[in-house]
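Notes follow the structure.
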Amino acid sequence: MLVLTRKKGQRILISGDIVITCLGVGSHGEIRIGIDAPRSIEIVREEIARQTCDEEEYLSTDSVGNAVNNPVIVSYKPKVKTWKDL
């Protein structure tokens, strides 16, 4: 894992087309970041991705917990807005 320190307004560039900007730190210690990326890149918070995986696992088991071949697929792709879209 690469660990970087950034100040408010500073950016991190990834592969030339993804920009992560440090927007600031909230009053409760939460860090606000902005991500500017191509629409083809899916960006999901970890807890949402884990919830989706848990739902997929739940839907693929029967009432006793045995794995079943279930064609149901749960998908979540958020609409990402950039400052340009606002």
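The values are calculated or read from the model by the stated rules, or taken from the named source; none is laboratory data. Please read all numbers here as calculations on a predicted model, not as lab measurements.
List of remarks:
- One residue from K7, K77, K81 being modelled with pLDDT of 90 or more and in a loop (DSSP other than H, G, I, E, B): K7
- Scanning region 12-38 for residues that are within 18 Å of the chain's Cα centre (by Cα), of a type outside the set (A, V, I, L, M) and either outside any loop (DSSP other than H, G, I, E, B) or at pLDDT 90 or above (or both) yields S15, D17, T21, C22, R32, G34, D36, P38.
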